[in-house]
Each structure stands twice: as structure tokens, then as C-alpha cells.
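Heads up, the thing below is written out as C-alpha cells.
The values are calculated or read from the model by the stated rules, or taken from the named source; none is laboratory data. In this text, all values refer to a predicted model and were calculated from it rather than measured experimentally. When we count neighbours, we look across all protein chains shown, and the Cβ atoms used for this are built from the backbone with ideal geometry, even at glycine. Calculation scope for accessible area: heavy atoms of the full protein, side chains included, ligands and nucleic acids excluded. Shrake-Rupley method; radii C 1.70, N 1.55, O 1.52, S 1.80 Å.
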Amino acid sequence: MRLKPFVLGTEPAGSMEQAVAAVKGSLKAQGFDEAGSYSPYAGATVIVVTSPELRAATAKAKFGGFGAGQRVAVTDYKGKLQVSYMNPAYLGAAYGLGKLETVSEKLKKALGATKEFGAVDGLKAEALAPGTYHYMVGMPYFQQVDVLAKYPDYPTALAAVEKGLTAGKGGTKKVYRIDMPERQVSVFGVAIVTGDGIDKGHKDTDKEIMDILDWQELRITAALPYEVLVQGGEVVALRGRYRIALHSPDTKMAGAHGFTKIMSAPGGIKAALKSVAEGNQAK
């Protein structure tokens, strides 16, 4: 069986506000807890939820905390709304979290499951596994994370990230925080609103990157936001080249919607998230 990154749910009538409220209500009815939501750009809303099943699954892999939040999107495409979400089976395979069947079933009940999309052929679970999946030779794997900062302990690291987000370091904004204190693990959802600024030449904001990658009829809005993971005193993030490719695996290197159009994105994302992780530290 081949897996694709996203699942298309319902295509509701009504306004964006009505659809978002309905989605949140349906998710809550299936036992999901809302962690946060935001609008990365006009015509798009991302809702992030978690559940006991998701949090328990994060213990299965060293950096499993990246998967503690389930991302759901409501997107306006040419006047019609799409509800979509990350495919739990796809990320479960990629992050070493297992098949997440219960999570998938609850999402299907809450939001529907019309079809999977985001890759023409999809990938087998074995090909997505940590240490196996990478976009091409020389590209990073799941475990090859960016270490953004190190602190003496978990509380100090958490406080630093909170300070960085409160200050909007790196042109960022906090979307959510999910804690698993029994393992000293927390994951933050981070919007990159303005990034380092156009003068530095980075295409690093949510909108700049998605303007290149999210061009097909079925929108991949649920790829957002990025995550910052705190494990003990260490603050890490998935490397941009891995995370972007995982969420958009059919993207070509060249062309109008190719990776060459966002060559500066991995560096820009890392710079923004590193600014967050450093909190109030002097550079």
C-alpha cells in the first residue's frame, strides 16, 4: 500500500469562519484537543489538535515529538472551501510512530476522507521510514535534525523558546505548544510571518514558500506550521530540506514550482527557528 501526505475531507458550503467553527466542533466531538490555530495568509486557516493516542505514539521514536500535533486546514480555492489534513499513516511511517489507525479513523469520522493527495504515486511505508526516506542522495534524513540551542535542563529550554516566540524573534509567531512533561518533551508550532526580511534574500516565510509549492487544485496548506522540539535541554528542528521534501515529495528540482525557486528556504527557516530557540540570548 502506498501512502500520500494529505487527506481531502469535506468541501463545505458557507464562509471560512463557519467552516473553521464546524471543523473545530467535529474534532472536539471525536476527542481531539485543540492546541492552536492561525491563518498563514488570506484564504487559509490551519488548526492543530492533539490526542492521548498521538502523544503516546511520540514515545516510539527519538524525535517522535514532532508528530504530537495533527494539522488540519481549511482553504479557499477559487471560492470553494477544502478541508484537508495530514495523513496520520504517512507521518506515522516517516516519524516512526506506527500506523496511527485510531487517529485516522477519528479524523475520518470528524472530517471525512474523500481521497489521499500530495503525491501522484505515493510512497510505501517502508520507504518513508526514519533513516530510509530522503529526497535524493546528499539530502538529510529524519534523524539529522538541526540543533538550534542547548540549555542545562528542560525548564530552562522551554522558557527560552517561550521568550523567543513572545518577542517574535526571527519574524515568527507562536501557533501552539504541546507538552509531554513525563518525558521532558514539548513541541511548539511556529509560524514564520516576516522571517529575516527581504533584504537578506531569504524566501523563508510561510507565504513565500507556499506560493511556490502549493500550486495545484488540492491545496497542501496542512504542511504548515513548522515545529520546534524541546527534548530535555536540547532544542531542535527538522532540517528544512527534509521537511519540505517529505510534505511535497513530487516537487522537481527545477521549474516554476521547483526547489531551485526556494533554494534559500532551508537556511532562512533555520535562521528564524534558531532565533526563537536562543530566546533572549545575545548572538
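Among what's in region 108-122 and is among the hydrophobic types (A, V, I, L, M, F, W, C) and assigned to a loop (DSSP other than H, G, I, E, B), pick the residue that is least open to solvent (accessible area, probe 1.4 Å). Only one residue fits best here, namely Ala119. The set of residues in region 8-26 that are of a type in the set (D, E, K, R) and modelled with pLDDT under 95 contains only Glu11. Counting only helices (runs of 4 or more DSSP H) wholly contained in region 1-107, the ones carrying 2 or more residues that are in contact (Cβ under 8 Å) with a residue 60 or more places away in the chain, open to solvent by less than 60 Å² (accessible area, probe 1.4 Å) and farther than 28 Å from Phe142 by Cβ occupy 16-29. Within region 24-72, being farther than 24 Å from Asp206 by Cβ and touching a strand residue (DSSP E or B) at 6+ places or on another chain (Cβ under 6 Å) holds for one residue alone: Arg55. For region 123-142, the criterion of being over 22 Å from Ala13 (Cα atoms), open to solvent by 20 Å² or more (accessible area, probe 1.4 Å), touching an Asp or Glu at 6+ places or on another chain (Cβ under 9 Å) and part of a loop (DSSP other than H, G, I, E, B) is met by at least one residue. Residues of region 272-283 that are hydrophobic (A, V, I, L, M, F, W, C) and open to solvent by 70 Å² or more (accessible area, probe 1.4 Å): Ala282 alone.
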